[in-house]
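Notes for the one structure printed next.
Read-outs throughout are calculated quantities, based only on the coordinates presented, and are distinct from any laboratory measurement. Only a predicted model underlies this, so the values are computations on that prediction, with no experimental measurement involved. In this analysis, Cβ positions are derived from the backbone assuming ideal geometry, glycine residues included, and neighbour counts consider all displayed protein chains.
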Amino acid sequence: MHGERTPELVVDNAQHSDIIQSRVHDLLMSMGLDEKVGQMSQLQAGGGWIPDELADSIRRGQVGSVLNEPDVEVVNELQRIAVEESRLGIPLLVGRDVIHGYKTIFPIPLGQAASWNPTVVEAGARVSAEEAVRSGINWTFAPMIDITRDPRWGRIAESLGEDPYLCSELGSAMVRGFQGETLTASDSIAACAKHFAGYGAAEGGRDYNTANIPENEMRNVYLRPFKAAADAGVATFMSAFCDLNGVPATGNQWLMDQVLRQEWRYQGMVVSDWESIVEMSVHGFTHDDEQAAYEAAMAGIDMEMASSSYRDHLENMVDQGKISLEQIDRMVERILRLKFELGLFEQPYTDPSQHPELLNKSNLKAAKQAAMQSCVLLKNEHQTLPLLPAKLDAIALLGPLADDGFEQMGTWVFDGEACHSVTCLQAITELIGRTTEINYVKALETTRAASEDGFSEAIEAVTQSDAAVVVVGEEAFMSGEAHSRASIDLPGHQKALIEAAASTGKPVVVVIMAGRPLTIEPILEYADAVLYAWHPGTMGGPAIADLLFGLESPSGKLPVTFPKVVGQVPIHYAQKNTGRPATEETCIDINEVPPRAPQTSLGMTSFHLDAGFKPLFPFGFGLSYGRFQYVKITTSHHSIGLGQSLDVSADIVNMGSYAGEEVVQLYVRDLVGNVTRPIKELKGFRRIRLKPGERQRISFRLHTDDLAFFNRDMQLVTEPGQFHVWIGGSSDAPLWAEFEVHA
Ligand code: BGC
């Protein structure tokens, strides 16, 4: 049930919005063109001080927003100059990339997505907002809801994975978390849906690269999370850096105007990305900054980030009649409306003492919970995990990331500090150090290091212990903006370190901290258990320790497919069937082909000779200490009419001896469509907790609207026909049923 507003509240909101509308209107009437253009400009702040030029610009009404000023005293002074010394006293939007935490750092967004838990994700954004407002920040550039199916792309770390449904659910949860009940609340900040759109499909995973996405796929995949964010009330959008089908997103009228404004009726403001307006000339789309400003304004970019093409050229273009004043007014209106909605005119200043402490207990608890639910157990042979402290006299703890508070925070951390992180070494020592000896050897200086000088000491430590925990992965800088990789193997000599640990014959548990899926197949044979922790943030250590030693069971599920080798990319679960889908029978293995083999009809399907057709781990996959079995799938109806719903249900039983949480997933396939449909699409998920032996029946309600897709004419339709439906613990789940939709 969606929360229904009481009639009184509806009137209140409507009145509130009318009041804001008339205040915006009055203010606009008193503004000169230069002041309007000023509102459309966002400038880089000094970072701890106020450059004279910035102060003067604010005084002259030439600045609508600043970004990257985390010092609250400086922010208050900037606001004071805007409010007291500029002619109209319009306060500033103060923007910052608060991506996965402010001081309390949560797992990277891709890690949070592995929780498949909107409640946890919303709580993370809430904590981030509560901490950020103490510094006077009133606008974050998050969530990033670019669908990406390419783990080479460094910004996959900042994404919510490959699937439009999961990304929509979690992206909207982030919006709710940042913006709170109402933007006016003193602990709410405006969110920003970015990067509109297609940025995650950059060619070859190289950042900032071209995205070529057919309109149908654009609408069925890439735009869906943005529509969901708009529906969730996200206050702002940011344009993408990329060239989208030949027209840079920042100047793309189809995207920014036709889709966003006309079709979706989106009322919020749109900001460019960093200098993305002037970069349109570098793309070769415009001749110079003036033309770039023109194209961006015509597309509907309300505010320019960092560069100054609006400040330098918009006034002239209006004077020359190239851009109408009405258009400028519409854009400025959206900016002013946000400032009113945030309550900045009433309260432009920040008093940190009025807000809860940074890094307080409850924030750390939320970060630990998020980190715990983000970890995905990928392998657990012979139930190596959980490790039972009572049976361990000593464990060896190895690896470059076992005790590195900085690297575990991951990419996009402007304000978090390593000194607040609790590492695996610290947490494991705290948890079991009184009864179990912990033999820690870093063994490799960094994740990229090649020197094996530390290996003999590491082997000695494992030999002296009952088991080894090896914490490896990528350093924080190896993912994130402009930090793409062509090889996504475990870097440096980390594989050799795992092999060395395994050579002792002791059980080896590998914990991986990384900003993306890595091609970890080569290490699987040396690891008895693998726990994928992403970059887990401030409380990564305690979360991992609790999981390793069985205080809680892992429950994360992959939000993105893990390839066996990078050459399989892009590989994702919601692919199309093709005319020649591969099966185990039709797939041939390069190693089994005899010399001078004729080209036979065997193998004439869609796969790689050297990698088959399956990924290493499918989307949605993740093990638990519990053992969940899915049985008895049923549908409430065999056939339903358009506009009706049916229930799909299954029993889930925990056959294991540990309690645990499981993310139950619902997938659908529309067998025939006016455009071909994916072989599976996620349509629902639910987290449940089951004790050993416990059984629960889970039902999902599917409405025929949930089956809608954009057809050849770009209309959103549900077509009558046959459907398959699955319930299970991953996108590879075998338990299925069928139903029909009739006209
Ligand atoms: C990124 C944005 C970010 C902005 C401001 C750009 O380089 O693409 O995502 O919000 O910088 O820091």
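Here are a few things to note about the model shown:
- Of the residues Ile640, Met714, Ala476, the one whose Cα sits farthest towards the positive end of the charge dipole of the chain is Ile640 (charges of +1 on Lys and Arg Cβ, -1 on Asp and Glu Cβ, taken about the Cα centre).
- Using alpha carbons only, the radius of gyration of segment 609-743 set against its Kirkwood radius gives Rg/Rh = 1.02.
- Fewest neighbouring Cβ atoms within 10 Å first, the residues Val631, Val511, Val72 line up as Val631, Val72, Val511.
- Loop GluC sites (Glu not before Pro), segment 568-613 (other Cβ atoms within 10 Å of the site Cβ: 12 or fewer; DSSP): Glu584, Glu585
- Under the Karplus curve 6.51 cos²θ - 1.76 cosθ + 1.60, θ = phi - 60°, whole-Hz ³J(HN,Hα) for segment 390-404, x wherever Gly or Pro sits: 4, 9, 10, 7, 8, 10, 9, 10, 10, x, x, 10, 6, 9, 10
- Low-density loop positions, chymotrypsin sites (Phe, Trp or Tyr not before Pro), segment 252-322 - DSSP coil, at most 12 other Cβ in 10 Å: none
- Sorted largest first, the principal axis extents computed over the alpha-carbon atoms of the chain equal 77, 64, 60 Å.
- Packing rank of 473-480, 519-526, where each peptide gets the mean count of other beta carbons within 10 Å, highest leading: 473-480, 519-526
- DSSP-assigned coil residues among trypsin sites (Lys or Arg not before Pro) in segment 231-340, each with at most 10 further Cβ atoms within 10 Å: Arg265
- Between Ser281, Val259, Ile301, the Cα set farthest toward the positive side of the dipole of segment 250-333 (charges on each charged residue's Cβ, about the Cα centre) is that of Val259.
- Taking other Cβ atoms within 10 Å as a rough exposure proxy, His608, His493 sort from fewest to most as His608, His493.
- Value at 222 nm in deg cm²/dmol, rounded to 500, when DSSP H runs of n ≥ 4 in the chain each add -39,500 (n - 2.57): -7500 deg cm²/dmol
- Cβ-based net charge around Ile459, under 11 Å, with every Lys or Arg adding one and every Asp or Glu removing one: -3
- Packing rank of 195-204, 362-371, where each peptide gets the mean count of other beta carbons within 10 Å, highest leading: 195-204, 362-371
- Selected from Gln327, Gln291, Phe226, residue furthest toward positive end of dipole (segment 226-339; charges at beta carbon): Phe226
- Cα convex hull of segment 5-151, projected area averaged across orientations, nm²: 12.1 nm²
- J(HN,Hα) series, segment 218-228, from Karplus relation 6.51 cos²θ - 1.76 cosθ + 1.60, nearest Hz, glycine and proline x: 3, 6, 7, 10, 6, 7, 4, x, 6, 5, 5
- Cβ-based exposure ranking for Thr350, Thr435, in which fewest neighbours within 10 Å come first: Thr435, Thr350
- Here's how it looks for Tyr440: its modeled amide H is under 5 Å from those of Leu397, which are all 5 or more places away or on a different chain.
- Phi-based couplings in Hz for segment 26-40 (Karplus 6.51, -1.76, 1.60; Gly and Pro marked x): 4, 5, 4, 4, 8, 8, x, 4, 4, 6, 5, 4, x, 4, 8
- Entries of Lys564/Lys680; Lys361/Lys442; Lys368/Lys576; Lys103/Lys495; Lys379/Lys691 with Cα pairs more than 28 Å apart: Lys361/Lys442; Lys368/Lys576; Lys103/Lys495
- Peptides 99-107, 704-712 ranked from most to least packed give 99-107, 704-712, packing being the mean of other C-beta atoms within 10 angstrom over each peptide's residues.
- Shown here: segment 74-225, whose C-alpha atoms stretch 50, 33, 24 Å along the first, second and third principal axes, sorted largest to smallest.
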